[in-house]
Each structure stands twice: as structure tokens, then as C-alpha cells.
Amino acid sequence: MSATPDEAPEPPVLRPLLPALLALFGIILLLNLISFAFGQAPLTTLRLALAGTWGTPYGIGQVLFKSTPLIFTALAFEIALRSGLFNIGAEGQVALGSLAGGVVGAHLPAGTPWPLAITICVLAAALTGAGVALIPAVMRARLGVHEIISTIMLNRIVEVLLPFLLVTVLGAAALRTVEVVPGAALLKLDAVFPALRGSAASVAFPLAVGLAFGVDALLRRTRRGREMRWIGINAAACRAEGIDVSRRLVQAMLLSGAIAGAAMVATVLGYKGYYELGLGAGAGFTGIAVALLGRGHPLGIVIAALLFGTLQQAGLAVNARVPKEAMDVLAAAVILLVAVANRAAAKPLTQVTPVVAPPAPASEEAAS
Amino acid sequence: MDAPVIRLDAVTRRFGDFTAVSAAEATLSPGEIHAIVGENGAGKSTLLKLAAGVLAPSAGRVLVGDDALSPATPAEAIRRGVGMVHQHFMLVAAFTALENLMLGAEPVRSWGRLDLASAREKAQAIADRTGLQVPLDAVTETLSVGERQRLEILRVLYRGARAILLDEPTAVLSPLEADELYTTLRALADDGATIAVVTHRLDEVARFADRVTVMRRGKVVLARPYARAGAGEIRGGDLTRAIMGGEPPLPFARPAMAKDAAIVLEIKGLSLTDAGGQRRLRAVDLTVRQGEIVGIAGIEGNGQSELVRALAGLEPGATGRVAVGDRDLSRLSVRARRASLGVVLEDRHEEGLCQEATVGDNLVLGDLGDRRDGAPAFDEAAAITRRMQRFDIHPADPARLAGELSGGNQQKIVIARALDRLPRGPRSAAVLAQPTRGVDVGAAAAIHAAIGEAAASGIAVVIISADLAELRKLAHRIVVMRRGEIVQSLSPEATETEIGRAMLGQEAA
């Protein structure tokens, strides 16, 4: 026992990348195993998946398009998380925000100039997303109702509210809204980069990347954002020092909801031109995984979103040979692998003896 | 079973790049109370945890009896008769005392049914033998701190330990409870048990220890027998010098205070009833003059915490008047109050610091956007630099995480934040709860100096402390709280026995 080897110095650069590399290796292996089970020769599915995503300009455009709403929802989750809140409600916030943006966009005067039209649509979507988030925010700040429960429940409510609204109030027969006015449609990226022709990627992607850095700046540099982070670390200390904790929590939740609502920029304004039931579904939950993989760094979130966007697009590319759900399996595996790899990387690799933790963490003054 | 000798043989323990304990030698023998002292971060707790198998050494050996402790786990240690009582109690609050006692070593009958009767019998037998009386059927969260501590020791004994290692057991106890604890430990040692205690209080070493090990920066710098009751080979000064690695700090000079100084802090009829209908504060009246330091003594749980929270504005249900200078604070928010009343709450981990935020962020927590009448906007960078320098916070790097600092420097952050913001003179007051709890001698001296300086500049200061020596050293006047009331006012020349009596509600003879 006394012969436990000293911890070897780690190469400083490789260490943080190790989890990502392990995860990448793991999903490649898993993809091969799955495709082998469907009777494919090794590496053919991988080749197909790569060709359908990063292999062509069109594929790249599609990856960017799929990633865009994920960046929004990941940022929404991130803001709440840093403030110590779990906003699981992005799903409902995206859906209702998209509906509101689509409806407003459709009812604008036909000749509305694009800067005005887009601003109004996005504002409508963001405000609606924030409105959805307001309910759990107030319930949490005033009554102490836990936001995980209230946001999950709200997702279900929105889920049934949407078809109801579409059919009754909006009188839509096809469970979709009318097309938005031309001014509200976002510029497609292929107008700037002709190589991306045909792909659905729009300027929403660079907007989302910009937003990622904007959110980071908010949390790091502004009073509001910093106080939100401090509350996420120790709300009791913040309360004792006179920070208005309830107000900041409500603000964080509203901002989170607004950003989730604005994800419709990518789906409605940048792609379809209208809202239909189910558009953007799943983005809310995937955004949680993206935010956790991104580890609080704006670039990390963008890269994680691109990874998940790649998997989604790859699913379509391989669908003829292997069911596209195989990519959902991979997405789930990524989360597990990264979680495991992170844990493993946090421990010294040379540790041989099992670490026996004391019954409860006596973390403070571990070194006294 | 005889109590084992625990020998640490050139033990080193590293956490990443940081060496917490470096080639330490120590022998814990049966029949002795062995005190381990040193500054925060000196490696005392780590040394104890190594001896108890809670941590595995990076190099060197821990011997229990003749054999190495292997594997180095708490389970193996307890099997060999070594048990540890942690600084933070490891009890399930919702369990009864008996259930906590048997947790992990439950006697069972057929079909896995718990054998409460035999557990109770065994526990009672140990309690009777050692005098560690705990109400076994009480729910643990209703027990007092002292009772919980006894329960922890009883649990270790119940598991068959003959060597008991305690990490800062008296930090949360009142002086009388601490004396009781040492009486029990003495009885156990006389009965042949091996006892080791990590402590910050040097008076305890002088009064109770048979042997002392002093640690500094991970190394054992002094290990000697220590005859009790002050007639020892090592005088207090030597001990302090060994701990600090130099001359002991200058004694604290209480700032002079004018007899007719103006009243600055005025508390009148402050009352508080908690959610359960319990009266926590009963019409507390207290006035503190310009430059005066008033110490509040009392057994923990007699309303001191509630008083501080009510003054800070954290108890919206409190009634009564609180004024600083001629400014009535009673109806103001926490934020509005702190401009003229600096508050340090008693638990810096729970309510003082954001450990995962930087030192700089912690130094200005709550100050962002502060704007005094006509003054320019709050200059954050200047405030951080000034506070770090004025309170000598080490390391002087605002980008470090607060959780990486030693307890003493963390406490300096909290105190700096409360005091630096206040305008000098007769318009400010400060209320500091447990300003040096769990803080090493050097940091405590620095904090005492800062408190003295604040008072000298005219700030009215209230200090609440479980450490009577600290109150007698700092305060111009000591008031005693009991059951939510201020029951007596004493001079700092009063003896600890006199203050202790007032705390317990015994009439002075």
C-alpha cells in the first residue's frame, strides 16, 4: 500500500482533450458495431456518414442548419444552469415561441422591410418564450416550487396547447401557420457562399455563434450576469450581501426562455417560412446535452452543437443502409462517454488503490 | 482488546501538486491525549485522516500496532480499532440517535430484521461505562451540538474503536461543553484508549494534552510530551512560535474609547418569532457607542445567530427598532442596510463565500452597482486592490478561486468586505459573528487588528464569539445572551467562570 506510485506529471496539453478523443474513438467503434449488426462491412457506414455530412458543401450546410437551434437551446439551458436553475422547459418555450413568431410574421403587412420584419418576429418569439418561462420563474422565486417539475409539466401543457391553438384560434386545417411575409425570411447562407447551394443553412447560424459569445460576455462582464453566476454558486451568501436573489433568478429564467423562444429564427424564419406542429421538437432536450458537453465555454457549446448536428444529418445520410435511429443511439453514447471520460480524467491515471471517500464530502479544508 | 499504538512512518500525502503532509513522523500511544496543533493548511487534519485510513498516504507507512494499515480505508481502520470523529458531523439528521449509532454495523436477527434491543443494550453499556450520555431515542436533528458530538464518539466506540481521532471537536462547542468533552476523553485515556485531537485552541493543549505535535506547512516541527496545567516544558509562547514559525504576534491593544462617546448603534425591543412559533429574540435592547467594541457571549443557540440575521435584515419577521447614527434601518432592505452596517454571518461557507468564484468577485459580492449619494460609481478594481492590501489576503491574486485559499484568508475576505465598505466615523456599525472561528493564530491576530482599527476609526462594533478569551481580549463590554434575551452586562475583566455562569443562568455567588 505504501508503495502507491507517485502521480506522474501529465502532459499539460493533451489532458483536457483526452475525454473528447476517447468519446470520438468510442462512437466510431460503436457505429461500426451497429452497422455490422445490420450486415454492413466495417467502415462503410462511417464513410457514408462522413460523406453525407462533412464530405460535401451541401452536407456541411445541412450540419450547420441542424446545429443552429441546438446552439440556442444549449445557451438557454446554460444561462439557467449557471444561475443554479434547471430549465428543462426549452422544448415548450421553443414550440410556443416558434408559433408566435410564425403567426406574427404571417400577419405583418406584405411590404415590411426585412430589418423591421425580422426584429418583430424574433421579439415576438423571444417574448413568448420568456412568457412561458415566467410561470416557473415566479413559482420558483416566490413560492419555492422547484423549476424542474414546473418546466417539465409546462412542456406537456404546451404540447397539447399547440394543436388546440392551431385548430381553434388560428383555424389552421393543416396544423401549420400561414407563410411569413417575404421580408421576414432569413437570408440563406448559399446566397453568400454559393457552394452551399440547396442546403437549409441560413444566417441564423452565425447569429447563434455570435449569441454564444454574447451570453458568455453577459455572464462574465456584466453586473447582472455575474450576480446570476454568484447566485448559482451560493445563493445564501448573495442574499446575505444584499443581492436581490429572487429578481435575478426570475431574470435568468426569462432570459433563458427568451433565447429558447428565439431558436425559431433558425427553424421558421431561416428554413420553412412557416410554423408547423413538431417543428424544432427535440431541440430543447438535445440542447441540454449540448450545454453539458460544451462545459460552459461558448466555443465548446458551438462545437458540441456541431457534433450533434453532424449526428442528426448523418442519420439521414445512412438511412438507406442503417436505420437513422442508430445516430440517436450514438448521440446518447456521446453523452455517456464524455461523462465517464471526464470523471476518469479528473482522477490521477496512476491511482491503483480504490479511492475510498469519507461518508460525506468533507471537502473544505481537505488540506488542513 | 488493548488500544493500538498508531505510528506514522515518514508519511507524505500529496493532492495534485500540493503536498499537504511531508515526511511526517508521529506516534499516538495508548493512555494519552495527543494534541495536534498548527495553522490552517498546516496539514493537521490530513495527518489525522492518514492515521484513520480516510486518506491513503502517497509515500511512507501508517502502522497500527505492528502492521501497516492496508488497505488504507476507514473500514480497515475501524476493524483494527481506529475510529475518527470528523470535524463536520456525519450523522443522518432524520434518524434517531440509536439508528445513527448502529448505521453500518447493524445487529440483525433472522430474516434480516434489525435487532434494536441488542444494539440499545450494547450502546447503553458503553454509555454507562464512559459517561457519554445521549438520548438514544431522540431524532438526531433535535439534539444539541454537544450531544451530537457525544453521539459521534459513542458511535466510534460502538464500532469497537480503542483509538479515537477527533478533528477539531471543540470548534462548535461552548467552553463548558468543551471541558466536559475533555473530561470524557481523559476518562477514556485513563482506561487505556489512544486519543488524538486536532485543535486550534492552545489553552486546551495547555490544560488537557499529555503530548503535543506541532505542524507547519505539512511538516512536524515540534513533538514533545506536554505536562498539563501550564507547568509544562513548553511554555505557550514556544508553542505559538512553533506554530507561526516566528515570533508570536503582538498582543492586541484595545483602542481607547471616550466615556461620553455618542451612541451609534441602537437596538430597541428587537423581537423575532420563528415559523414554528418559537420566540427567538425577546425584546433585545443594546446600544453601542462610537468606537466601542461590545462582545456578545452565550451558549450557542440562545439567539445570537438570529440577532445577527435580524440586524442584517435577513429576518423580515423581526420587530423593533434598529438604528445606526440617526438612520433608522428597521424597514430597510439588506442592501440598503449594508451601507451603514457591516455584517459577517457566522458560517462563512454557508453564507459568506462563493467558493467557486474568484477572490476578486468575493471581495465585491453585493457591491456591484453601488452608488452613494453624489459619489462616482463603484470602482471595482480599486476596491479589490484596496481590500486585498488592507487585509493582507494571501495569495494576493484576485483571479484565484476563493475555495483554494486557507480558512484564515477566506475569513479575511468576508471581514474585508464588511468593514472596508463602511464610511469612517460615527455613522457606521459592524456586527461580526465568530470572526475567527476555525482560523489560525496568525490570521486571527490580523483580523483582531482590523477590528481594533475599525473601532479606533469610530465604527461601533459588535462581536459574537464562542471564544470567551477572544471577547475578553477585544471587547470594552461583554453582554450575555440567554434564551433570546440580553441578561447581563459584564466588564471584560470578568473571569471566564463568571461569564460562564451568566451564560448558564446561574446566579453569581
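The values are calculated or read from the model by the stated rules, or taken from the named source; none is laboratory data. Predicted model, so just to flag it, every value in this text is computed and none were measured. Every residue, glycine as well, gets a Cβ built from its backbone with ideal geometry; the counts of neighbours run over all protein chains shown.
Quick one: A:Thr222 ticks every box in (1) in contact (Cβ under 8 Å) with a residue 24 or more places away in the chain; (2) under 24 Å from A:Gly300 (Cβ atoms); (3) within 11 Å of another protein chain (Cβ to nearest Cβ) except a single one, so which number is it?
(1)
I need the full set of residues from the stretch B:417-470 which are part of a helix (DSSP H, G or I) and of a type outside the set (A, V, I, L, M), in order please.
Of everything in the stretch B:417-470, those that are part of a helix (DSSP H, G or I) and of a type outside the set (A, V, I, L, M) turn out to be B:Arg417, B:Asp420, B:Gly442, B:His448, B:Gly452, B:Glu453, B:Glu470.
Condition first: within 16 Å of B:Lys44 (Cβ to Cβ) and under 19 Å from the mean Cα position of the chain (by Cα). Now tell me which residues in the stretch B:202-213 satisfy that. Break it down into steps so the answer makes sense when it comes.
First, pick out the residues of the stretch B:202-213 that are within 16 Å of B:Lys44 (Cβ to Cβ): B:202, B:204-205, B:209, B:211-213.
Across the stretch B:202-213, the qualifying residues are B:Leu202, B:Glu204, B:Val205.
Which numbered condition trips up B:Ala187, out of (1) small (Gly, Ala, Ser); (2) outside any loop (DSSP other than H, G, I, E, B); (3) under 19 Å from the mean Cα position of the chain (by Cα)?
Failed condition: (3).
Can you tell me which condition A:Thr45 does not meet? The list is (1) in contact with a Lys or Arg (Cβ under 9 Å, 6 or more places away or on another chain); (2) surrounded by fewer than 24 Cβ atoms within 10 Å (Cβ to Cβ); (3) in the same structural domain as A:Gly257 (by TED's automatic domain parsing), and all the others hold.
Condition not satisfied by A:Thr45: (3).
Among the residues of the stretch B:18-37, count how many are assigned to a strand (DSSP E or B) and over 29 Å from B:His394 (Cα atoms).
The number of residues fulfilling the criteria is 5.
Rundown of residues vs (1) surrounded by fewer than 20 Cβ atoms within 10 Å (Cβ to Cβ); (2) outside any loop (DSSP other than H, G, I, E, B), yes/no style:
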position	(1), (2)
B:Asn302	no, no
B:Ser305	yes, yes
B:Leu314	yes, no
B:Ala336	yes, yes
B:Gly342	no, yes
B:Glu346	no, no
B:Glu356	yes, no
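I want to confirm something. Restricting to the stretch A:233-244 and keeping residues that are surrounded by fewer than 20 Cβ atoms within 10 Å (Cβ to Cβ) and without any contact (Cβ under 8 Å) to a residue 60 or more places away in the chain, which single residue is nearest to the other protein chains (Cβ to nearest Cβ)?
Across the stretch A:233-244, the extreme among qualifying residues is A:Ala236.
Looking at (1) within 11 Å of chain A (Cβ to nearest Cβ); (2) free of Cβ contacts under 8 Å to residues at least 12 places away in the same chain, which is the one condition that is false for B:Thr12?
Only one criterion in (1) within 11 Å of chain A (Cβ to nearest Cβ); (2) free of Cβ contacts under 8 Å to residues at least 12 places away in the same chain is unmet by B:Thr12, namely (2).
Residue-by-condition table, conditions (1) among the small types (Gly, Ala, Ser); (2) touching an Asp or Glu at 6+ places or on another chain (Cβ under 7 Å); (3) in contact (Cβ under 8 Å) with a residue 60 or more places away in the chain:
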{"position": "B:Ser406", "(1), (2), (3)": "yes, no, yes"}
{"position": "B:Gln410", "(1), (2), (3)": "no, no, yes"}
{"position": "B:Ala416", "(1), (2), (3)": "yes, no, no"}
{"position": "B:Ser428", "(1), (2), (3)": "yes, no, yes"}
{"position": "B:Gln434", "(1), (2), (3)": "no, yes, yes"}
{"position": "B:Ala456", "(1), (2), (3)": "yes, no, yes"}
{"position": "B:Ala475", "(1), (2), (3)": "yes, no, yes"}
{"position": "B:Arg483", "(1), (2), (3)": "no, no, yes"}
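Cβ-Cβ distance below 6 Å, separation of 6 or more or different chains: which pairs start in the stretch A:254-279 with a residue that is under 15 Å from A:Thr177 (Cβ atoms) and end on one that is of a type in the set (Lys, Arg)?
Cβ pairs passing all conditions: A:Tyr274/A:Arg176; A:Glu276/A:Arg176.
Give the residue, chosen from A:Gly257, A:Gly280, that is part of a loop (DSSP other than H, G, I, E, B) and either touching a Pro at 6+ places or on another chain (Cβ under 8 Å) or more than 30 Å from B:Ala336 (Cβ to Cβ) (or both).
A:Gly280
Quick one: in the stretch B:381-400, of everything that is hydrophobic (A, V, I, L, M, F, W, C) and either more than 14 Å from chain A (Cβ to nearest Cβ) or buried (at least 17 other Cβ atoms within 10 Å of the Cβ) (or both), which residue is farthest from B:Ala444 (Cα to Cα)? Break it down into steps so the answer makes sense when it comes.
Taking the stretch B:381-400 as the starting set, the residues that turn out to be hydrophobic (A, V, I, L, M, F, W, C) are B:381-384, B:388, B:391, B:393, B:396, B:399.
Going one step further and asking which of them are either more than 14 Å from chain A (Cβ to nearest Cβ) or buried (at least 17 other Cβ atoms within 10 Å of the Cβ) (or both), we end up with B:382-384, B:388, B:391, B:393, B:396.
Values: B:Ala382: 25, B:Ala383: 23, B:Ile384: 21, B:Met388: 16, B:Phe391: 12, B:Ile393: 13, B:Ala396: 18 Å.
It comes out as B:Ala382.
Quick one: A:Leu70 ticks every box in (1) closer than 16 Å to A:Leu293 by Cα; (2) outside the structural domain of A:Ala172 (by TED's automatic domain parsing); (3) touching a helix residue (DSSP H, G or I) at 6+ places or on another chain (Cβ under 6 Å) bar one, so which box is it?
Every listed condition holds for A:Leu70 apart from (2).
Go over the candidates A:Arg248, A:Arg156 one by one and state the one that is more than 14 Å from chain B (Cβ to nearest Cβ) and among the basic types (Lys, Arg).
The conditions single out A:Arg156.
Under 7 Å between Cβ atoms, at least 6 apart or on separate chains: pull out the pairs that start in the stretch A:122-151 with a residue that is in the same structural domain as A:Gly280 (by TED's automatic domain parsing) and end on any residue that is in a helix (DSSP H, G or I) and β-branched (Val, Ile, Thr).
Hits for this filter: A:Val122/A:Val265; A:Ala124/A:Val104; A:Val132/A:Val158; A:Pro136/A:Thr151; A:Ala137/A:Val250; A:Val138/A:Val250; A:Ala141/A:Val250; A:Ser150/A:Ile135.
From the residues in the stretch B:49-85 that are under 24 Å from the mean Cα position of the chain (by Cα) and at the interface with another protein chain (Cβ under 10 Å from one of its Cβ atoms), which one is nearest to B:Ile195 (Cα to Cα)?
Of everything passing the filter in the stretch B:49-85, B:Met84 is nearest to B:Ile195 (Cα to Cα).
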